Amino acid sequence: MRVEDALRGGMRSLRAARVILATDPLPARDLLCGSPDTAAIAETLRFPPALRCATARMWFDETPRSGAPGGMFTGDFAIDNFFWLHRLHDEFFEWHEATGGSAIEVHFYATDDVLDRSDELLLITAVKEVQRAFPSLRGHYLHGAIRRNGRTQTKFLVPTAQSLHVQTPWPGVFACGDWIGHPSPAFWMERSTVTGIEAANAVLREVGAEPWAIIPPRPPELPVRAISAGMRALRRVFGPLILGGARLLRGQGRLSGNVGR
């Protein structure tokens, strides 16, 4: 492996009996498809796309009533999730204690037409939407900042046989990340953690060492299981009717098109 040595300067060659690939899907694709030893198989694999994202941090001189330290925005919001920084980080908590204000971080996982807007417009959008979600903050905005990231946010695709898994097709090469195939139902950071432990465990097993146990996820609670069973029953009953109606409408559309010609 050839790497750039930032401390000593120049390029160095590294030899390793085992490698754990821990990177985003696009760099992983470039690395694997660009190597003559892995390209033939790598070109048959499916690598998920990655999205741009932007982060907005905002300070207010008012604090909303207590609630979850983080959550999701649903509906027609342009921002996707939020975290109350003064409830998660000591330095923000100290500022909150001294001033009574609050600080929030929100994320945009949006299309290019949204993320190509200026920092000022993105910040205006974020402030308006936070104040819409938390009305007590209206008129209390103090300061905000935008931070942008490149295409590093994975667009999750359910892994299949054509995906890269923890155990890769190449001996001595393992992979981990939020997009890597593994039986765990975990997503995002939790999936990165689980697959990272599993990749390390694979190396430990090969050298005869004891692997680390992974705590299995708890089974769904009774209300969730009941809702899931109900949805499956509805799909079995109404699914064929909906598909049949769609095929009928599609057939009528083709017939009308042919008559028009």
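What follows draws every value from the coordinates through simple rules; no lab data is involved. As the structure is a prediction and not an experimental result, all values here were calculated from the model. Cβ atoms come from the backbone with ideal geometry, glycine included; neighbour counts cover every protein chain shown.
Across the chain, the mean sequence separation of Cα contacts (distance under 8 Å, 6 or more residues apart), normalised by length, yields a relative contact order of 19 percent.
Across the stretch 17-30, coupling constants 3J(HN,Hα) worked out from phi with the 6.51/-1.76/1.60 Karplus curve, θ = phi - 60°, read 6, 9, 9, 10, 8, 10, 8, 6, x, 5, x, 4, 4, 4 Hz, and Gly and Pro carry x.
Near Ala103: Cβ cut-off under 15 Å, other residues only, Lys/Arg at +1 and Asp/Glu at -1. The net charge is -4. Computed about its Cα centre, the charge dipole of the chain is approximately 1440 debye, with only Lys, Arg, Asp and Glu carrying charge at their Cβ. Along the stretch 240-246 the Karplus relation, 6.51 cos²θ - 1.76 cosθ + 1.60 evaluated at θ = phi - 60°, assigns HN-Hα couplings of x, 5, 5, 5, x, x, 5 Hz to successive residues, with x for each Gly and Pro. Here the spin labels are modelled as points 7 Å beyond Cα on the Cα-Cβ line, and at Ile215 and Val19 they lie 3.4 nm apart. The share of Cα pairs per 5 Å bin across the chain, counted from zero up to the longest distance, runs 1, 5, 8, 10, 10, 11, 12, 13, 12, 8, 5, 3, 1, 1, 0, 0 percent. For the stretch 50-154, a Kirkwood hydrodynamic radius built from all Cα pairs, placed in the Stokes-Einstein relation at 37 °C and 0.692 mPa s, yields a translational diffusion coefficient of 234 µm²/s. Taking amide H as placed 1.01 Å from N in the peptide plane, the amide H of Thr154 sits under 5 Å from that of Leu51, each at least 5 places away or on another chain. Here the stretch 50-154 is treated with +1 on each Lys and Arg Cβ and -1 on each Asp and Glu Cβ, and its dipole about the Cα centre works out to around 200 debye. Packing here is the average count of other Cβ atoms within 10 Å per residue, and on that basis the peptides 242-250, 109-117, highest first, run 109-117, 242-250.
Figure legend: label point modelled 7 angstrom from the Cα of Asp119 along Cα→Cβ; residues of the stretch 151-165 with amide N under 20 Å from it are 151-152.
Modelled this way, with points 7 Å down the Cα-to-C-beta line, the labels at Glu91 and Leu157 are 3.9 nm from one another.
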